[in-house]
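The structure under discussion appears below in the form of structure tokens.
The values are calculated or read from the model by the stated rules, or taken from the named source; none is laboratory data. On a predicted model such as this, the values are computed, not experimentally measured, just so you know. As a convention, Cβ positions derive from the backbone with ideal geometry for all residues, glycine included, and neighbour counts pool all protein chains shown.
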Amino acid sequence: MIVRSHKDAEKSAVEDDKWISRRYTLRKDGMGHSVHETYIKPGQELHMWYKNHTETVLCIEGEGQIEDLTEGGKWDLKPGVLYALDKHQQHILSSEKGMTVICTFSPALVGPETHDEQGSYPLLDDDGSVLKR
């Protein structure tokens with residue numbers, strides 16, 4: 001059994017000027033997916049495109065908006081609202097006042113991933129080397 005606290009997840013956190021991702025489970029845990037708590041900082045608009053991963057996101061605190069740039073549509077996000085990027089959709093995630101979401105990625109992230117210029121995570125090998133951009 002894996003049991004981790006918020007404090008544990010902070011040890012594997014990745015942060016930039018727009019978000020903080022606390023990574024609770026990673027590929028090394030053998031679950032087939034990774035689980036993250038991500039805080040979108042206030043006033044941010046993130047253009048993302050997970051070409052190598054599918055992602056499911058559940059808003060647990062704050063409010064924001066998701067815009068699907070691939071298939072079209074905009075949805076308001078608030079606690080209890082989930083969206084899933086099942087077709088690698090390009091999207092914009094935004095929040096005026098800040099928002100916390102729980103994210104799962106498949107395949108699981110290794111840990112150090114951060115967004116590239118297209119808003120994507122590379123597919124990494126267990127040692128952190130890039131398998132696919």
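Can you tell me how many residues within segment 87-133 are assigned to a loop (DSSP other than H, G, I, E, B), in contact (Cβ under 8 Å) with a residue 12 or more places away in the chain, among the charged types (D, E, K, R) and over 20 Å from Gly64 (Cα atoms)?
Total meeting the criteria: 6.
Does any residue of segment 46-64 turn out to be more than 19 Å from Leu131 (Cβ to Cβ), in contact (Cβ under 8 Å) with a residue 12 or more places away in the chain and in a loop (DSSP other than H, G, I, E, B)?
yes
So which residues in segment 69-126 are over 14 Å from Ser34 (Cβ atoms) and among the charged types (D, E, K, R)?
Glu71, Lys74, Asp76, Lys78, Asp86, Lys87, Glu96, Lys97, Asp116, Glu117, Asp125
Output the residues belonging to segment 1-28 that are assigned to a helix (DSSP H, G or I) and touching a residue at least 24 places away in the same chain (Cβ under 8 Å).
His6, Ala9, Arg27, Lys28 - these are the residues of segment 1-28 that are assigned to a helix (DSSP H, G or I) and touching a residue at least 24 places away in the same chain (Cβ under 8 Å).
Take the conditions more than 11 Å from the chain's Cα centre (by Cα), under 30 Å from Asp127 (Cα atoms) and among the basic types (Lys, Arg) and apply them to Arg22. Does it pass?
Criteria not met by Arg22.
Could you tell me whether Tyr39 is touching a helix residue (DSSP H, G or I) at 6+ places or on another chain (Cβ under 9 Å), part of a strand (DSSP E or B) and modelled with pLDDT of 95 or more? Please lay out each step first, then the result.
On the way: touching a helix residue (DSSP H, G or I) at 6+ places or on another chain (Cβ under 9 Å): no; part of a strand (DSSP E or B): yes; modelled with pLDDT of 95 or more: yes.
The answer is no for Tyr39.
Filter segment 58-77 down to residues that are of a type in the set (Asp, Glu) and exposed (fewer than 11 other Cβ atoms within 10 Å of the Cβ) and give me whichever is farthest from the chain's Cα centre (by Cα).
This residue is Glu71.
Just one of Gly32, Gly80 is touching a strand residue (DSSP E or B) at 6+ places or on another chain (Cβ under 8 Å), in a loop (DSSP other than H, G, I, E, B) and over 12 Å from Ile102 (Cβ atoms); which is it?
Answer to the selection: Gly32.
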